[in-house]
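Visitor: Sharing a structure with you now.
The values are calculated or read from the model by the stated rules, or taken from the named source; none is laboratory data. Source: prediction; values computed, not measured. Here the Cβ is made from the backbone with ideal geometry for all residues, glycine too, and neighbour counts use every protein chain on show.
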Amino acid sequence: MTVAPFVPVTLLKNKRYAAGLGLCVLVMGMGFSLPFLTPQLLAEVNQREAGWIGFAMVPAAVVSALLARRVLYLISFLLLSVFVGIEPVFVALFLIFGTVGQLFIQISMSNAISRTLSKEQTGVGMGLFSMVGFLSGAVSTGIYSKAVDYGAATYWIPWNPYANAAVFSNIYLALIVMTALILVIFRYFFSKETVTNIHKG
């Protein structure tokens, strides 16, 4: 009697699905940087109370619920990295770009990854996708927390005037590099030309 291979193992042989799963880990982990790091930034650098921090988070949540179109994720991380330590009202505006961008990326990735699966694999494949996204969020918050606790002695962007905000600026700058890398990998595995070549092969 032949035993069928364990389904997730079979799924991971699909290179496009495996690449999408890897990108999911990075994207979901990066997505948690906004709701996790921003309250710490506003509390430690801007010395704001919890009520003001919550108020600063509201506009991004409202706009992300209303918009479902492309907004560059990079803009949010770039603005936060360069102007980290600025007044919370501007941080609230920067978060709008990131939150809407995150929403768009998650929808795009979910759609692209689902198209790599056969009908028989869709249930398990998308379930695994969701589980990996959840776990990456949990792991990433631990990494961000450690990085903030460790601190940073120097700025990677030297012209920021806020001396106690270097670690946040550096984290956001690293996320810019990761976002650019994700976009390159996503284009490679999920461009129309790649999909056509894979189907022909």
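Visitor: Looking at TYR155, TYR172 in this structure, which one is surrounded by 17 or more Cβ atoms within 10 Å (Cβ to Cβ), among the aromatic types (Phe, Trp, Tyr), within 21 Å of the chain's Cα centre (by Cα) and within 26 Å of ASN46 (Cα to Cα)? Let's see the steps before the verdict.
Guide: Numbers: TYR155 fails: within 21 Å of the chain's Cα centre (by Cα).
From the options TYR155, TYR172, the qualifying one is TYR172.
Visitor: Search segment 76-125 for residues being among the aliphatic types (A, V, I, L, M) and outside any helix (DSSP H, G or I), and hand back the single one that is nearest to the chain's Cα centre (by Cα).
Guide: VAL84
Visitor: So how many residues does segment 101-136 have that are in contact with a Phe, Trp or Tyr (Cβ under 9 Å, 6 or more places away or on another chain) and of a type in the set (Gly, Ala, Ser)?
Guide: Selection size over segment 101-136: 7.
Visitor: If you take the residues in segment 45-75 that are among the hydrophobic types (A, V, I, L, M, F, W, C) and assigned to a loop (DSSP other than H, G, I, E, B), which one is modelled with the highest pLDDT?
Guide: The qualifying residue modelled with the highest pLDDT is VAL45.
Visitor: From LEU183, LEU128, which residue is among the hydrophobic types (A, V, I, L, M, F, W, C), out of contact with any strand residue (DSSP E or B) (no Cβ under 7 Å at 6 or more places or on another chain) and under 27 Å from SER81 (Cβ atoms)?
Guide: Result of the check over LEU183, LEU128: LEU183.
Rundown of residues vs (1) crowded, with 22+ Cβ neighbours inside 10 Å; (2) modelled with pLDDT of 85 or more; (3) more than 18 Å from LEU26 (Cα to Cα); (4) in contact with a Leu (Cβ under 9 Å, 6 or more places away or on another chain), yes/no style:
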residue	(1), (2), (3), (4)
PHE83	no, yes, yes, no
VAL91	yes, yes, yes, yes
VAL100	yes, no, no, yes
PHE104	no, no, no, yes
SER118	no, no, yes, no
GLN121	no, no, yes, yes
MET126	no, yes, no, yes
MET131	no, yes, no, no
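Visitor: Does LEU183 count as surrounded by 12 or more Cβ atoms within 10 Å (Cβ to Cβ), out of contact with any helix residue (DSSP H, G or I) (no Cβ under 7 Å at 6 or more places or on another chain) and at pLDDT 80 or above?
Guide: Yes; evaluated as a whole, the condition is true for this residue.
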